[in-house]
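What follows is a short report on a single structure.
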Amino acid sequence: MTADLLFTGGPVFTADPARSRATAVAVKDGRILAVGHDLGELRGPKTEVVDLAGRLLIPGFQDAHVHAVFGGVEMGQCDLTGTTDPREYLNRITAYAAAHPDREWITGSGWSMESFPGGVPVRELLDRVVPDRPVYLTNRDHHGAWVNSVALERAEITRDTPDPADGMINRDAGGNPVGALQEGAVSLVSDLIPESTPAELVAGLRRAQSLLHSLGITGWQDAMLRGSNGYPDPADAYLTAATEGWLTASVTGALWWDRDLGAEQIAALVAHREQLTVGRLTCSTVKIMQDGVAENFTAAMTAPYLDGCGCPTPNSGLSFVDPAALPGYVTELDALDFQVHFHALGDRAVREALDALEAARAGNGFRDTRPHLAHLQVVHPDDIARFRRLGATANLQPLWAAHEPQMDELTIPFLGAERAAWQYPFGDLLRSGATLAAGSDWPVSSPNPIEGIHVAVNRAVPGATDGRVFLPEQRLDLGTALAAYTAGSAYVNHRDDSGSVRTGNVADLVVLDRDPFDGPASEISATKVTMTVVAGQVVHRA
């Protein structure tokens, strides 16, 4: 037997439990045929040989929490990412509106809260550049929106409009809407925007898959299918791709839990699971968004937020799903072999999710459902050990664990010193024995796993020159961070024959342009992907 594809000249990061190293890998019929140090005997006349020449071969990255179709769609809209300058935002909005005179709505995403006083933009800025059409722009975390006066008028939002139970209309001193909406309030406007067409969603998935493959990502968990919350449903785009055979990535779809409904929606989730399990697409996960985000004070906390003077406020955030009902829902889902994927950002939301899992374990015993909690910005120290005990994977978004204006100006002052020190406790979770997976939450933040790994190891953003390290005791070593983005996410996605380089596994492999273990940690982010292989087929070459 000879190989279809042979990598030689190592090194190879296997991501196996022993962190064993190799220098050669052979691939046959889409699977790993052998792992070793020469393997020249498996070379045949039709074998494609890749000389690594000291570049690192790793398992394919898997993103455990991403919104791929949304990201791909937004690539075709007004893109405000990559800057925090309000003047640049307005320049881009002006240019986009001029280039699309036929569009009824100007839509896009990517502005940062740090760009505006208190994290709140105002409608007057948008009115200057687009006075005659409605504008709707989500911020980079997608928990808030910036709108102009025309959009507010279309939605009939005035000083008399009440805040929805799960959101907030930002207002001036007189109670008038200023042009920013938070959480559930965004749907007051977004529900008026014409839905993305099936063709637009399919085009978004094609763009997203190409981009993610170029970054070494061979599979992912999409965190919102059959959902709403102001976003289009990407499920049919995935179904089209899987049915037509051009979905090269392995995708786990997380079915959205409607927080306005209760257990009566579970029958529909079972039906969706059956309908949406085709080819490389599986949908055996349910996504429960338990809270919001810290920057707009909707992340659920065990103690109140502070005000600008450091005094406690009446607000401790929102629990979107009734904590008293949550254990029953999770227990029923677990009994039906659904994985539960929680958005849990504040320490109260984390505790509520763990309490629900504890109830499911008590009611059903330990089932191989592999629940996971994503984001984990603030975790109470009393809850760290519960992850291992309950078999709950910690799903990390490492890019956020660093000093930047959004953290230093809009988060830490309103958490207080003690609680701020509980943020993104990657090191504590690792030392407690928890399983770690990792993802990006793109398009909330960059989908590049290398950038996330850089921050997980350095606890500083790439290119930082001020020497500040965010909670240095929570840093991960490079091997652990790589394993979280490969073996850990493969575990979460129930892809037990991927995520590590071992004989018999699916040949999802990535070639980096260097071995980052050989350089300083400060240079990890300079690493690039030169080749991505999915099931033995090359899907990207730099």
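Any idea which of P405, P381, P413 is closer than 18 Å to G317 by Cβ and either of a type in the set (D, E) or surrounded by fewer than 18 Cβ atoms within 10 Å (Cβ to Cβ) (or both)?
On the way: P405 fails: closer than 18 Å to G317 by Cβ; P381 fails: closer than 18 Å to G317 by Cβ.
Only one candidate qualifies: P413.
For region 80-90, which positions are in a helix (DSSP H, G or I) and over 15 Å from P134 (Cα atoms)?
Going through region 80-90, the residues in a helix (DSSP H, G or I) turn out to be 86-90.
Result: P86, R87, E88, Y89.
Residue count for region 131-146, restricted to those that are crowded, with 22+ Cβ neighbours inside 10 Å and at pLDDT 95 or above: 6. Here are G167, G175, G179: which of them is within 24 Å of the chain's Cα centre (by Cα) and more than 22 Å from W442 (Cβ to Cβ)? Within the list G167, G175, G179, the selection yields G167.
Quick grid of which residues meet (1) out of contact with any Leu (no Cβ under 9 Å at 6 or more places or on another chain); (2) closer than 30 Å to R207 by Cα:
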{"residue": "A235", "(1), (2)": "no, yes"}
{"residue": "E244", "(1), (2)": "yes, yes"}
{"residue": "Q275", "(1), (2)": "no, yes"}
{"residue": "L281", "(1), (2)": "no, yes"}
{"residue": "T285", "(1), (2)": "no, yes"}
{"residue": "G292", "(1), (2)": "no, yes"}
{"residue": "C311", "(1), (2)": "yes, no"}
{"residue": "P314", "(1), (2)": "yes, no"}
{"residue": "S319", "(1), (2)": "no, no"}
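Is region 374-391 home to any residue that is of a type in the set (F, W, Y) and within 21 Å of the chain's Cα centre (by Cα)? Scanning region 374-391, I find at least one residue that is of a type in the set (F, W, Y) and within 21 Å of the chain's Cα centre (by Cα), so the answer is yes. Determine if region 418-425 includes at least one residue that is in a helix (DSSP H, G or I), crowded, with 24+ Cβ neighbours inside 10 Å and among the aromatic types (F, W, Y). Checked region 418-425: no residue is in a helix (DSSP H, G or I), crowded, with 24+ Cβ neighbours inside 10 Å and among the aromatic types (F, W, Y).
Checked against the criterion of being part of a loop (DSSP other than H, G, I, E, B), within 30 Å of W146 (Cα to Cα) and hydroxyl-bearing (S, T, Y), region 278-299 contains one or more residues that satisfy it.
I'm trying to understand the selection: among the residues of region 444-479, which are of a type outside the set (V, I, T), in a helix (DSSP H, G or I), under 26 Å from S109 (Cα atoms) and in contact (Cβ under 8 Å) with a residue 60 or more places away in the chain? I'd like the intermediate steps shown before the answer.
Start the filter on region 444-479 by keeping residues that are of a type outside the set (V, I, T), which leaves 445-449, 451-452, 454, 456, 458-460, 462-464, 466-468, 470-479.
Keeping just the survivors that are in a helix (DSSP H, G or I) gives 449, 451-452, 454, 456, 458, 472-474, 478-479.
Among the residues that remain, those that are also under 26 Å from S109 (Cα atoms) are: 449, 451-452, 454, 456.
Of everything in region 444-479, those that are of a type outside the set (V, I, T), in a helix (DSSP H, G or I), under 26 Å from S109 (Cα atoms) and in contact (Cβ under 8 Å) with a residue 60 or more places away in the chain turn out to be P449, E451, H454, A456.
Which of the residues spanning region 91-138 are in a loop (DSSP other than H, G, I, E, B) and of a type in the set (F, W, Y)?
Initial filter on region 91-138 (in a loop (DSSP other than H, G, I, E, B)): 100-105, 112, 116, 120-122, 130-134.
Scanning region 91-138 gives W105, F116.
Taking the criterion of being farther than 28 Å from A173 by Cα and of a type in the set (S, T, Y), the residues of region 81-106 that qualify are T81, T83, T94, Y96.
Output the residue which, of all residues in region 113-130 that are closer than 20 Å to E183 by Cα and buried (at least 23 other Cβ atoms within 10 Å of the Cβ), is modelled with the lowest pLDDT.
Here the answer is M113.
With respect to the stated conditions, V186 fails to be hydrophobic (A, V, I, L, M, F, W, C) and in contact with a helix residue (DSSP H, G or I) (Cβ under 7 Å, 6 or more places away or on another chain).
Under the condition of being under 25 Å from the mean Cα position of the chain (by Cα) and without any contact (Cβ under 8 Å) to a residue 40 or more places away in the chain, the residues counted in region 67-88 number 5.
One line per residue, one yes/no per condition, for (1) assigned to a loop (DSSP other than H, G, I, E, B); (2) hydroxyl-bearing (S, T, Y); (3) closer than 25 Å to H67 by Cα:
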residue	(1), (2), (3)
R367	yes, no, no
R370	yes, no, yes
D382	no, no, no
E409	no, no, no
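Within the set G310, G317, the sole residue that is assigned to a loop (DSSP other than H, G, I, E, B), over 23 Å from the mean Cα position of the chain (by Cα) and on the phi > 0 side of the Ramachandran plot turns out to be G310.
Of all the residues that make up region 235-259, how many are of a type in the set (D, E, K, R) and either part of a strand (DSSP E or B) or over 22 Å from H372 (Cα atoms) (or both)? Give the steps one after another, and end with the answer.
Applying the first criterion (of a type in the set (D, E, K, R)) to region 235-259 yields 236, 244, 258-259.
Subsequent filtering for residues that are either part of a strand (DSSP E or B) or over 22 Å from H372 (Cα atoms) (or both) retains 236, 244.
Result for region 235-259: 2.
Based on this model, can you work out whether G488 counts as assigned to a helix (DSSP H, G or I), of a type in the set (G, A, S), surrounded by fewer than 24 Cβ atoms within 10 Å (Cβ to Cβ) and touching a Leu at 6+ places or on another chain (Cβ under 7 Å)? Give the steps one after another, and end with the answer.
Numbers: assigned to a helix (DSSP H, G or I): yes; of a type in the set (G, A, S): yes; surrounded by fewer than 24 Cβ atoms within 10 Å (Cβ to Cβ): no; touching a Leu at 6+ places or on another chain (Cβ under 7 Å): yes.
Spelling it out, it is not the case that G488 is assigned to a helix (DSSP H, G or I), of a type in the set (G, A, S), surrounded by fewer than 24 Cβ atoms within 10 Å (Cβ to Cβ) and touching a Leu at 6+ places or on another chain (Cβ under 7 Å).
Listed by position, the strands (runs of 3 or more DSSP E) enclosed by region 147-227 that each have at least 3 residues that are assigned by TED's automatic domain parsing to the domain that holds T285 and either of a type outside the set (F, W, Y) or modelled with pLDDT under 95 (or both) are 217-225. Once region 338-364 is narrowed to residues that are more than 23 Å from the chain's Cα centre (by Cα) and among the hydrophobic types (A, V, I, L, M, F, W, C), the residue that is surrounded by the fewest Cβ atoms within 10 Å (Cβ to Cβ) is A362.
So, T302, is that one surrounded by fewer than 21 Cβ atoms within 10 Å (Cβ to Cβ), touching a residue at least 60 places away in the same chain (Cβ under 8 Å) and under 25 Å from G391 (Cβ atoms) or not? For T302, the condition - surrounded by fewer than 21 Cβ atoms within 10 Å (Cβ to Cβ), touching a residue at least 60 places away in the same chain (Cβ under 8 Å) and under 25 Å from G391 (Cβ atoms) - is met. Picking from residues in region 59-102 that are surrounded by 23 or more Cβ atoms within 10 Å (Cβ to Cβ) and among the charged types (D, E, K, R), the one that is modelled with the highest pLDDT is D63.
Listed here are the residues, each with its yes/no results for (1) surrounded by fewer than 24 Cβ atoms within 10 Å (Cβ to Cβ); (2) on the phi > 0 side of the Ramachandran plot; (3) polar (S, T, N, Q).
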| residue | (1), (2), (3) |
| --- | --- |
| G452 | no, no, no |
| A456 | no, no, no |
| Q474 | yes, no, yes |
| A481 | no, no, no |
| V501 | no, no, no |
| G504 | yes, yes, no |
| A507 | no, no, no |
| D515 | yes, no, no |
| S525 | yes, no, yes |
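The values are calculated or read from the model by the stated rules, or taken from the named source; none is laboratory data. This structure is a prediction, so every number in the text was calculated from the model and none was measured. Because the Cβ atoms are built from the backbone with ideal geometry, glycine has one as well, and the counts that use them run over all protein chains shown.
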